[in-house]
1. A:Gly90 passes all but one of (1) in contact (Cβ under 8 Å) with a residue 40 or more places away in the chain; (2) within 14 Å of chain B (Cβ to nearest Cβ); which number fails?
2. Please go through (1) loosely packed, with under 14 Cβ neighbours inside 10 Å; (2) in the same structural domain as A:Arg77 (by TED's automatic domain parsing); (3) not hydroxyl-bearing (Ser, Thr, Tyr) for A:Trp98 and return the number of the only condition it doesn't satisfy.
3. Do we find that B:Ser176 is of a type in the set (Gly, Ala, Ser), away from chain A (no Cβ under 14 Å), without any contact (Cβ under 8 Å) to a residue 40 or more places away in the chain and within 30 Å of B:Thr57 (Cα to Cα) in this structure?
4. Would you say A:Ser111 is free of Cβ contacts under 8 Å to residues at least 24 places away in the same chain and of a type in the set (Ser, Thr, Tyr)?
5. Looking only at region A:1-52, how many residues end up being more than 20 Å from the chain's Cα centre (by Cα), among the polar types (S, T, N, Q) and in a helix (DSSP H, G or I)?
6. With the condition kept exactly as written, say whether any residue in region A:133-148 is surrounded by fewer than 20 Cβ atoms within 10 Å (Cβ to Cβ), under 20 Å from the mean Cα position of the chain (by Cα), touching a residue at least 12 places away in the same chain (Cβ under 8 Å) and in a loop (DSSP other than H, G, I, E, B).
7. Taking only pairs six or more apart or across chains, which ones have beta-carbon atoms under 6 Å, a first residue in region B:114-133 that is closer than 17 Å to B:Glu155 by Cβ, and a second residue that is assigned to a loop (DSSP other than H, G, I, E, B) and not polar (S, T, N, Q)?
8. I'm checking my understanding of the structure. Among residues of region B:178-219 that are over 18 Å from B:Glu247 (Cα atoms) and of a type in the set (S, T, N, Q), which one is surrounded by the most Cβ atoms within 10 Å (Cβ to Cβ)?
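The values are calculated or read from the model by the stated rules, or taken from the named source; none is laboratory data. Keep in mind that what you see is a predicted model, and the values were worked out from it rather than measured. A quick note on method: Cβ atoms are made from the backbone with ideal geometry, for glycine too, and the neighbour counts reach across all protein chains shown.
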Amino acid sequence: MTTTTPFPFPPTYNFPPFFTPQPNSNTRLSQLEKWSSLIQAWCRHHRQYRLSLVDAIDTPLFHNVQLRKRLDLAAARDVLDWMTKSEEEGGGGRRAEWLDASTGGNAVPKSVAYVWWRRPEEWADVVADWVENTGQRGAVLTVYELVQGEATVSQDFHGMDNDVMMKTLNILVKRGKIQIFGNEGEEGVKFF
Amino acid sequence: MSRRGVGLGAFANRTQATQSYATHGANLRSTHLSSLQTQLSVFQSLLHTFALEHSSTIKSNPTFRAEFARMCNTIGVDPLAASNVKGKNSRRGLGEGGSFWTQIMGGDMNDFYFEVAVRVVELCRETRAENGGLIGVEECRNRVGKGKAIGSGLEVSEDDILRAVRSLEPLASGFSIVRVGSKQYIRSIPKELNTDQATVLEAIQVLGFVSVSMLRLNLTWEKARAQTVIDDLVADGLVWVDAQGPEKEYWSPQNLLDDSG
């Protein structure tokens, strides 16, 4: 969670009503959009792939110390809930996804969520492009190399959450771009 | 001392005198008129030359453009509307209906205002959920000036924005300019603000935010009146609520625009 450059908050962050759920539905929609982009920007800045509400609720993201305003837990959960829904359902374009106990989340439902500042499909494109541009089609890499290896230091997906990487790779498998083999925890990937 | 005419001859004399006065007056008037006409046409052709000579400056420099437009307005030439400057100056044969800008600058200027108008409409639509369809002309200018894509910023003055909004009028666009307190706003939803609403918005301009008790204190309104006005403003999306203080505070979303894009 530590980065050298401070996170540049948008002007909305210093607007006191931003922290109160708005009663007018149009205003509310605009508010949710702003929260969604703020949360995504925050996570991107901190290279964070999942957000635990209990942990995050006291961070500057949800708590503006200067204004002495905060988004409370229920309100923050509403925002993330909205983010998990697709635009057709009147949500924020599936920019988040709740983790339940079986997928490594907390036993309490809706307490930890992936924040998709890039959706797994978008990550799949990024990885596929990288393979293409570095001429590694036909190469074999371990997942560890892909995430932690020196070759990917300059890449956005370097140091990525392992589960997110696996989601990404599974999409590439479905697209017929790669094959995964090996045991769980030490998978290897072959690029076609 | 001239001898005053007596007898019938005096009547004839007087009629003659009146006639010659009238003729002389008519002469004078027509000379005046023609000299004024000459002056005006000289001025118009000078304006024309001036506009042509400085066309690039007019296009690129918002202050200069505003001043030029003001000058045109003063002599009764509305640069945007289909202009009455025909005859001598419309040698360019750009059609009867072309505006002054079109005639002197080959359509670029109209295009410029249409371009600005498009940006303004876009911005109003984008931010309608955020500000309830009321956006400050100044904020609007800043945003259009920045542009969204790199290099798409359009340096404009408030005058340009106003002109652009006015150019939308023939389309029955529902866009209008409203003045609240010291500020001008573009209203993109055809809904009037009533006096009380305007008063509250003005108070927010000055104080930053308002609450029901502030309205009661400062305007000596009854509670129900203050509450109704505020509820209406909230329902129209014109103010945002902050419920985390001891009393609910109502803020205008105008400052949000800065670069929330």
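1. Only one criterion in (1) in contact (Cβ under 8 Å) with a residue 40 or more places away in the chain; (2) within 14 Å of chain B (Cβ to nearest Cβ) is unmet by A:Gly90, namely (1).
2. (1)
3. Numbers: of a type in the set (Gly, Ala, Ser): yes; away from chain A (no Cβ under 14 Å): yes; without any contact (Cβ under 8 Å) to a residue 40 or more places away in the chain: yes; within 30 Å of B:Thr57 (Cα to Cα): yes.
So B:Ser176 fits the description; yes.
4. Numbers: free of Cβ contacts under 8 Å to residues at least 24 places away in the same chain: no; of a type in the set (Ser, Thr, Tyr): yes.
The answer is no for A:Ser111.
5. So the answer is 6.
6. no
7. Once the first residue is closer than 17 Å to B:Glu155 by Cβ and sits in region B:114-133, its partners that are assigned to a loop (DSSP other than H, G, I, E, B) and not polar (S, T, N, Q) give B:Val116/B:Val156; B:Ala117/B:Leu168.
8. Ranking the candidates gives B:Ser188 first.
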